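Chemist: Quick one: this structure, given as structure tokens, is what I'll be asking you about.
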Amino acid sequence: MKIKKGVSLIDQHDKNFMYGGKFGGNFIPETLKKPIDDLTKLFSKLRREKKFLSERDYHFQTYVGAPTPFIKLENLTDRLGGAQIYAKVVSEANGGAHKIYNATVHCLIAKRAGKKFIVGDTGAGYAGKMLSMAAKKFGLKCKIFMGAKDIKRQRPNVEAMKKNGAEVVPVTTGSQTLVDAVSECMRYWVSNCDLVHNCIGSTVGPNIFIKICAWSTAQISRELMIQVKDEFGKIPKKLKLINCVGGGSSAAGFWNEFMNTNAEFIGVEAGGPKNSKLHAAPLTNGSKIGILHGAAQYVIQDKEGQIGSTESISAGLDYPGISPLHCFLKDAKRARYTSASDEDALKAYELVSKLENISPSLEPSHAFAEAIRLAPKLKSSEVIIVNSCGDSLKDKDIIKQRLGSYIR
């Protein structure tokens, strides 16, 4: 499996929308074929239209707050020794996470398509919060599907969605987490696709949703490429870009512009509790290929091939599948993937928040855990950059319960 040179990450697929001939595709019911085809044609036009690109850039700058900061973590670097550690602080974007890029672009597309309603799914609540924010800004009515378990553990974001005027629909089927929220959202869209635009919150689902999301979050690496060259004069010879991976949207955006460089991509999945056999790390644990939410991917399955149970302290990573883009990058050996446990993520959150003026959510805390493990083993000439893609505010209740205090 090879990476096509000079071709963007989202366009690495074949005519059947399969990445590497194995991952992705459009495994959808007949009723969705026309709306998927229509959206695919519309996005293909808009991504090359100067007016639309100008609108996107304007809102990214004036509404999202681009560019987000790029900082050296001096205290963490001094504490650990070894590699120089930096962070791309995407959590400084409007709303506190990278999900605002995808939400903004989807609302712009919905407006162009003449839709007045937008629907979305959410796990950690960030995709839902950002979609509710963007929908309010662009005058769209908004409905968010969220697992009942996640509603309880991500209360601050649920309150924000409702404050922005969105209807939050509790999903009580299955594990009551992100995987079920995506399923229910897709079912709703099947029945209402003539009037409603669907915004899938990550790089999962039928091909067009993967492409729109990754195209939107690529803003992260566009900024980072400029910031890295400003900081070092060039791209460092030994550069590691570390990102948490659940659905995979922030990592796809973080790595996109560095595809044709020698930068090493490291994705960190949710390893779950140390005392549990459950996890949310299909790439790390040798899961088999299956179909989930309309796409072929590595997915956690039981002995009968049904979607398996997952467990993670991080609602945003608690998903049994993984973006076809990451399956492709893994098999092409362009990225490597590992996992961090709940406990490792909590320790990383605590250390980073105490030493630095950032407070990462439990999702990027998994990536910081890997950076903390790696840095002392490397030379001072080597550089690690972590995507701090979310703010910890949404996790304050969990953190207080597990650590006894919350560091903002």
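Chemist: So which trypsin sites (Lys or Arg not before Pro) in the stretch 32-81 end up in coil per DSSP with only 11 or fewer other C-beta atoms within 10 Å?
Modeler: Sparse-neighbourhood loop trypsin sites (Lys or Arg not before Pro): Arg48.
Chemist: Also, quick follow-up: Compute the angle between helix 342-355 and the longest alpha-carbon principal axis of the chain, please, reported from 0 to 90 degrees and rounded to the nearest 10.
Modeler: Tilt of helix 342-355: around 60 degrees.
Chemist: Order by neighbour count: Leu53, Leu131, Leu351, fewest other Cβ atoms within 10 Å first, most last.
Modeler: With the fewest neighbours first, Leu53, Leu131, Leu351 line up as Leu53, Leu351, Leu131.
Chemist: Another one. Among Lys88, Lys15, Lys379, determine the one that fluctuates most according to a GNM of the chain built with springs between C-alpha atoms less than 10 Å apart.
Modeler: Of Lys88, Lys15, Lys379, the most mobile in the Gaussian network model is Lys15.
Chemist: Still on this model: Test of understanding: ordering Val119, Val169 by Cβ neighbours within 10 Å, fewest first, what list do you get?
Modeler: Listed from fewest to most nearby Cβ atoms, that is Val169, Val119.
Chemist: Right, here's the next one. Given a cut-off of 17 Å, what percent of all Cα-Cα pairs of the stretch 246-378 lie beyond it?
Modeler: Here the long-distance tail beyond 17 Å is 58 percent of all Cα pairs in the stretch 246-378.
Chemist: Along the stretch 114-124, what does the Karplus equation 6.51 cos²θ - 1.76 cosθ + 1.60 (θ = phi - 60°) give for ³J(HN,Hα), rounded to whole Hz, x for Gly and Pro?
Modeler: x, 8, 10, 10, 9, 10, x, 10, 7, x, 5
Chemist: If I build a Gaussian network model for the chain, linking alpha-carbon pairs within less than 10 angstrom, which residue out of Met146, Met161, Met225 has the largest mean-square fluctuation?
Modeler: Met225
Chemist: Lys400: which aspartates and glutamates have alpha carbons under 18 Å from its alpha carbon, excluding same-chain residues fewer than 8 sequence positions away?
Modeler: Cα-Cα hits under 18 Å: Asp150, Asp342, Glu343, Asp344, Glu350, Glu363, Asp391.
Chemist: Per q in 0.20, 0.27 1/Å, what log10 I(q)/I(0) does a Debye calculation on the alpha-carbon atoms of the stretch 233-312 return?
Modeler: Relative scattering, expressed as log10 I(q)/I(0), comes to -0.95, -1.29.
Chemist: Hey, another quick one. How are the alpha carbon pair distances in the stretch 1-74 distributed across 5 Å bins from zero to the largest one, expressed in percent?
Modeler: 3, 11, 13, 15, 16, 16, 14, 8, 3, 1, 0
Chemist: If you don't mind, another one. Could you please tell me the mean projected area of the C-alpha convex hull for the chain, averaged over all directions and given in square nanometres to one decimal?
Modeler: 18.1
Chemist: Further question: Need one number: the % of Cα-Cα pairs in the stretch 111-163 sitting beyond the 13 Å mark.
Modeler: Of the Cα pairs, 53 percent sit more than 13 Å apart.
Chemist: For the stretch 328-408, which semi-axes, largest first and in whole Å, follow from the square roots of 5 times the eigenvalues of its Cα gyration tensor?
Modeler: Ellipsoid half-lengths, sorted descending, are 25, 15, 11 Å.
Chemist: I need the shape label for the stretch 12-170. Rule: rounded when a/c is under 1.5, else prolate if a/b > b/c, else oblate, with a, b, c from the alpha carbon gyration tensor.
Modeler: Prolate, because a/c is 1.5 or more and a/b exceeds b/c.
Chemist: Filter the cross-link list Lys115/Lys229; Lys45/Lys240; Lys229/Lys377; Lys72/Lys163; Lys143/Lys288 down to pairs whose alpha-carbon distance in this structure exceeds 31 Å.
Modeler: Lys115/Lys229; Lys45/Lys240; Lys72/Lys163; Lys143/Lys288
Chemist: So if a site counts as exposed when it's one of the GluC sites (Glu not before Pro), its DSSP state isn't H, G, I, E or B, and it has at most 13 other Cβ atoms within 10 Å, what's the longest stretch of the chain without one?
Modeler: 50-303
Chemist: With 32 Å as the limit, write out which pairs from Lys2/Lys354; Lys111/Lys162; Lys99/Lys277; Lys333/Lys354; Lys50/Lys116; Lys237/Lys394 have Cα-Cα distances beyond it, or answer none.
Modeler: Correct reply: Lys2/Lys354; Lys333/Lys354; Lys237/Lys394.
FYI, it's all coordinate maths here, none of it is from the lab. This one's a predicted model, so the numbers in the text were calculated from it and none came from an experiment. With ideal geometry, Cβ positions are generated from the backbone for all residues, glycine too; neighbour counts draw on all protein chains shown.
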